[in-house]
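To keep things clear, I will list the structure first and then write my remarks on it.
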4 protein chains.
Amino acid sequence: MIIHLNNSVSAQTANEIGEHLKAIVFKEADYYVLVTPFAQKDIPTSVQAHVQSSWPMDSDIQLASKNYKSELRRIRWGNTEIGGDTDNTVVIAGPCSIESWEQIDATARLLKSLNISTLRAGCYKPRTSPYTFQGLGLEGLKMLAEVRRQYGLNIITEVKDSSHIEEVIEYTDIVQIGAKAMYDQSILRRCGEIRKPILLKRGFGTTLQEFVQAAEFILSGGNSEVILCERGIRTFETKTRFTFDLCGAAWLKQHTNCPVILDPSHAMGYAYGVPDLAKASVAFGCDGLLIETHPNPKLAKSDAAQQLDFEVFTKLMGDMRNIAVAVGREII
Amino acid sequence: MIIHLNNSVSAQTANEIGEHLKAIVFKEADYYVLVTPFAQKDIPTSVQAHVQSSWPMDSDIQLASKNYKSELRRIRWGNTEIGGDTDNTVVIAGPCSIESWEQIDATARLLKSLNISTLRAGCYKPRTSPYTFQGLGLEGLKMLAEVRRQYGLNIITEVKDSSHIEEVIEYTDIVQIGAKAMYDQSILRRCGEIRKPILLKRGFGTTLQEFVQAAEFILSGGNSEVILCERGIRTFETKTRFTFDLCGAAWLKQHTNCPVILDPSHAMGYAYGVPDLAKASVAFGCDGLLIETHPNPKLAKSDAAQQLDFEVFTKLMGDMRNIAVAVGREII
Amino acid sequence: MIIHLNNSVSAQTANEIGEHLKAIVFKEADYYVLVTPFAQKDIPTSVQAHVQSSWPMDSDIQLASKNYKSELRRIRWGNTEIGGDTDNTVVIAGPCSIESWEQIDATARLLKSLNISTLRAGCYKPRTSPYTFQGLGLEGLKMLAEVRRQYGLNIITEVKDSSHIEEVIEYTDIVQIGAKAMYDQSILRRCGEIRKPILLKRGFGTTLQEFVQAAEFILSGGNSEVILCERGIRTFETKTRFTFDLCGAAWLKQHTNCPVILDPSHAMGYAYGVPDLAKASVAFGCDGLLIETHPNPKLAKSDAAQQLDFEVFTKLMGDMRNIAVAVGREII
Amino acid sequence: MIIHLNNSVSAQTANEIGEHLKAIVFKEADYYVLVTPFAQKDIPTSVQAHVQSSWPMDSDIQLASKNYKSELRRIRWGNTEIGGDTDNTVVIAGPCSIESWEQIDATARLLKSLNISTLRAGCYKPRTSPYTFQGLGLEGLKMLAEVRRQYGLNIITEVKDSSHIEEVIEYTDIVQIGAKAMYDQSILRRCGEIRKPILLKRGFGTTLQEFVQAAEFILSGGNSEVILCERGIRTFETKTRFTFDLCGAAWLKQHTNCPVILDPSHAMGYAYGVPDLAKASVAFGCDGLLIETHPNPKLAKSDAAQQLDFEVFTKLMGDMRNIAVAVGREII
């Protein structure tokens, strides 16, 4: 159950009520919000006088539910904005990993030329083998900061475990929680404390219920800016890297109030399929896309097979803009 | 290995060579085609004189492979045509099951008003329980024939097991092999003998490799008109009925020469997600869509949750036509 | 809802009531049984006088449910018996495909020497490619009949589609419905009409609910002897052929009244793992096992990787007998 | 490629060679071990003089591969030992979460009475919802230490994220890395630095390849004592909590040198199936089991449905000991 307390209720009283109801407490605007386990359906008489309004819920998808707030959350970074009453579809692009200044500089120039506002590049790579390239780490973060300074681009990069979360929070405009880190509650809780947008990737073995419940860890910390990202789930089909769950994305659009970003690059795993999937995603009506592009995909140190070269990516941007117009949206 | 024999080779010689090579033999235009297990990589010296051309293959996806014929197969029924060098995307619509003349007549009128050429409706329903509605059977087929006569619509309906295959072949313009029947070799082989287009649905537990190999049973019978239909696979995610495998569809487009039709209605299982998935499918560049629509979905005797009412469907048709233009295709 | 009519009710009245209630009707012992869709929860007043007893059910798992009959069904063929109050675990063994008289004769001699009563061998193979060995067909069935005559072994073989069902019914002691044929209602309904045990394999993409509902097609035809066989489901893990669903088997034991047979050979797909899985299956408390063994697995024309040679199989039989004793069961 | 350097090679030289070959370097006994990416197949001439022996490998499953060391790793904690040339199957039991001193004290007394050496209980719970019980944390660890002091039991508990790893390392005898934390490289690497056994749980969406590669992070840190734990994977079947992957466990036994422990409680998710699955696991020949038992499962604060009460658990221990004898193993 979600409870908004009267704005006259003090922090101390709010916390006492929270303890009484085994609720999580956070402040929103000028009042306190309590979230109890969903099994709670009634407000005790002793508490009722403090309550402004309340929402009984039918699962632990609570703050993210359309049954609580039906309007789409508005998320803003720099001059970029998605959700709310915008019809914006943001394209976030860049290489899987930042590998060198030359690579990221070339990519930044491409993005600027295409009017793209936000660059993605991994610094800490959640590789499955210890014997392969593990990312540039802090050195990469510093290069990204330099890209921002030189080109005015916003930056998004991934937290893969909690060892480097403070660095990522410091350097990026959007914090991306990777698919393999999305159950990590110390990361989720830390992201609840900050005031930057969080892009939460769905784990490839994660149900929609669990995925949105992970978002609840962030939202119930008081950070209202959570973006959900579908990036492919693991199924019996192995001719493609993952299976892009557009049905799941349709469910998220229908039932949650968080913007949905789609990542066709990781879902497909092969460059040949990415443009068709990206175009499909725009027509589907997503709030944004993550697309991997690299100046020379063959030489990429990670995910070489799935990154688009600049020519294909440039052509795709044009196609996506046309489709966006056809469905009443705008690519930003 | 696929082998085209010289057109001077007689049926008897072709069959002798076929037996020698453990090959399947069929006639195409004026020459015989042999398909051996793909492990065969060389043509025996004794046979070489009869061979016009040959294609060693790397799996038992042979006749359907772009490595054999890179151009997309052209499929035609009535005045409708997909594949080949057309940029057509056909919309095939209608109710899950034919339930009454009133129901199918209303649907036919809607389709005509929207310039849709082909009506779908199930007569033999592959229900999972014996205790629910099983379809109208032959009576339904006869109603569909009457719809064709009155409205000039083409008809597609489903074979669910071999007990009624001859009836379906007789009454329909396209034979649909259902997802649960697609491993049935007596059905596949019978469809190889006829000269009507076959729409082969992927089983929900079927790999892409197996799916296309099922098409090989039909193609190697001499029927070159096979359409592949992705309709959702079964995964761990159960908030939606199935998981729409657009990555798989991208693989099919890249690797096979068969047109690909998508079925968002069965994938999603809930009407609310169907329009967004259908729009995505058009932008993806599929050769066609199967969409379920019913004059009164709430009263439908099967799949009530996933059928669109006429108002939503009509709106969707307009949206899809706009998207098709944006990607250089035409909705027919 | 399942309804037992009074034994004084005539066939005509039973059918009239059945039509009224949209029920399936069959005769059991000296009374008629009706099964309505499970949504039916009450018996109309006009019918009550004819009713001996009734069971409202909570899903279309009805006749197979322990909520209807809690005792395990007793299944008998030849002198072999499983289920009921026996503690028997039957081992059914033999090659994937019957390939020659020498092969099947050698296998039959091995089985006799190990006191195994029932031989399995496929005649019609549901291969996924048209370009590979498709089975000996009727010729194979005749060899199996000869094996029965010479060795007194019972025979089980598989129906893969309805084109050859009458032949299989004629020649075998148990009719096996293959994993790819288990949704085929013409096969299921035909098996409901006969009086031989049916071994129904779970499809690799089939939920437990659907699997047991397929059994309902047979049971509601009046054939009470249905054995359920778990043989591996398709999951994201591809280092083994399938994933053996012992959790699912535990669910079947808990909720249904049909004996459960396990097939570790198909689940694993590799001979090295089969003995450990077979031993696990015995300790688990299954009612039987299907195990593939072949005089020379390397030369097998199908499933070569997963068949045990005679030495390994003989050793395994001894191990399984020891485990059976430890869990209070007997290998037959 | 795995390379053992001569024992005369100094740390400095070992590290130089390591850097040259992009290898991970650690010390084993009195020599250094290098592990390069598996693509490396040859040793450069300049390095050959320092090499004692080397193993080219065919995937990044290297140190854990039977192709490197074919004997099973021996793992020891307290007086308990598994793997190596023992035939021991260890039973590790206890509640899902430690909830109170009374609860854990009762459990410890039961374990002692059944000659069980190692108690499991979760302190930090990786719950999927922020609104439910999250575990006792450090307070729980201290109770476990008290249990060890009073009863002489060994303790295993779970790390769910890196925020509390040092505490867990300090208090437990075996460090369990939970299914949701197993991709966390900061945890994996930290576990490579210590000298306590690590029980690594397979993620429910994790392939066998990825699972063993996670073990490589630990092994290549120099900690040779890694136990692999299969605890159910996520599949389309939802009538049980997960699907117990015994085929996968058979693959691990065949291809890796790490002991394999099975967790039927989490796989099944329902107490009714746990005894049969546990018995199956013993006959399968696993090196150990994790089984959840609770003095009063109905009141459990987490995983209430799957924990065995003491009576069922006690009966199960007897059954498992009988089966172990039948397969030539000993329950410890």
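Details
- A Stokes-Einstein calculation at 10 °C with viscosity 1.306 mPa s, built on the Kirkwood radius of the range A:1-148 over Cα pairs, returns a diffusion coefficient of 82 µm²/s.
- Less than 5 angstrom separates the built amide H of C:GLN52 from those of C:HIS4, C:LEU5, C:ASN6, all sequence-distant by 5 or more or on a different chain.
- Rounded, prolate or oblate (a/c below 1.5 giving rounded, otherwise prolate when a/b exceeds b/c) for the range B:44-111 by Cα gyration tensor: prolate
- Shielding of peptide A:209-220 by partners, expressed as the average count of other chain Cβ atoms within 10 Å per residue Cβ, is 3.
- Computed on the Cα atoms alone, the convex hull of the range C:98-163 gives a volume of 87 cubic angstrom per residue.
- Debye intensity ratio I(q)/I(0), log10, the range C:101-207, q values 0.18, 0.19, 0.22 Å⁻¹ (C-alpha model): -0.89, -0.97, -1.20
- Hull shadow area, averaged, the range B:139-274 [alpha-carbon convex hull, nm²]: 8.9
- Span from the the range D:313-332 Cα centroid across to the the range B:38-116 one, whole angstrom: 59
- Of B:SER113, B:SER281, B:SER129, the one that fluctuates the most in a GNM where chain B has Cα springs shorter than 10 Å: B:SER129
- Sorted largest first, the spans of the alpha carbon positions of the range C:78-130 along the three principal axes are 45, 26, 15 Å.
- Cα centroid of the range C:149-226 to Cα centroid of the range B:148-173, whole Å: 28
- Formal net charge of residues neighbouring C:TYR183 (Cβ-Cβ distance under 10 Å; K, R +1; D, E -1): 0
- For the range A:110-207, the list of trypsin sites (Lys or Arg not before Pro) that fall in a loop by DSSP and count at most 14 other C-beta atoms within 10 angstrom reads A:ARG195.
- Listed by chain and number, the lysines whose C-alpha is less than 18 Å from the C-alpha of A:LYS112, apart from same-chain residues fewer than 8 away, are A:LYS315.
- Two-decimal ratio, the range B:2-55, of alpha-carbon radius of gyration to 2.2 N^0.38 Å: 0.97
- Average partner coverage of C:163-173, which counts Cβ from other chains inside 10 Å: 1
- Label-point gap, in nm, between D:ALA145 and D:LYS112 - each point 7 angstrom along Cα→Cβ: 2.0
- Computed on the protein assembly as shown, the Cα convex hull volume stands at 197 Å³ per residue.
- Within the protein assembly as shown, percent of DSSP bridges classed antiparallel, to nearest 5: 40
- Antiparallel bridges, percent of DSSP beta bridges restricted to the range C:74-331 (to nearest 5): 15
- Long-range amide H partners of B:ASN154 with built H, under 5 Å: B:THR118, B:LEU119
- Ranked packing of D:64-70, C:268-274, C:67-73, most packed first, by mean Cβ within 10 Å: C:268-274, D:64-70, C:67-73
- Average beta carbon contacts from partner chains per residue of D:130-138, 10 Å cutoff: 5
- If you wrap the tightest convex hull around every Cα atom of the range D:236-332 and split its volume per residue, you get 107 Å³.
- Model label sites at B:ALA39 and A:THR45, defined 7 Å from Cα along the beta-carbon direction, differ in position by 8.2 nm.
- Charge sum, other residues only, whose C-beta stays under 9 Å from C:ASN257's C-beta, Lys/Arg counted +1 and Asp/Glu -1: +2
- Look at D:TRP55, C:TRP77, B:TRP251 and count the other Cβ atoms within 10 Å of each Cβ; fewest to most, that gives D:TRP55, C:TRP77, B:TRP251.
- Compactness of the range D:219-265 as Cα Rg over 2.2 N^0.38 Å, two decimals: 1.35
- Each Lys or Arg adds one and each Asp or Glu takes one away; over the other residues whose Cβ falls under 13 Å from the Cβ of C:ARG127, this sums to -2.
- Stokes-Einstein D (µm²/s) once Rh is taken as the Kirkwood radius of chain D over alpha-carbon pairs, at 4 °C in 1.567 mPa s: 63
- Under the criterion of Cα pairs below 8 Å and six or more residues apart, the relative contact order for chain D equals 17 percent.
- Unsatisfied cross-links (Cα-Cα over 24 Å) in the set B:LYS125/C:LYS66; D:LYS41/D:LYS69; A:LYS201/D:LYS160; C:LYS301/D:LYS41; D:LYS27/D:LYS201; A:LYS69/B:LYS279: B:LYS125/C:LYS66; C:LYS301/D:LYS41; D:LYS27/D:LYS201; A:LYS69/B:LYS279
Read-outs throughout are calculated quantities, based only on the coordinates presented, and are distinct from any laboratory measurement. Keep in mind the model is a prediction, meaning the values are calculated, not measured. Because the Cβ atoms are built from the backbone with ideal geometry, glycine has one as well, and the counts that use them run over all protein chains shown.
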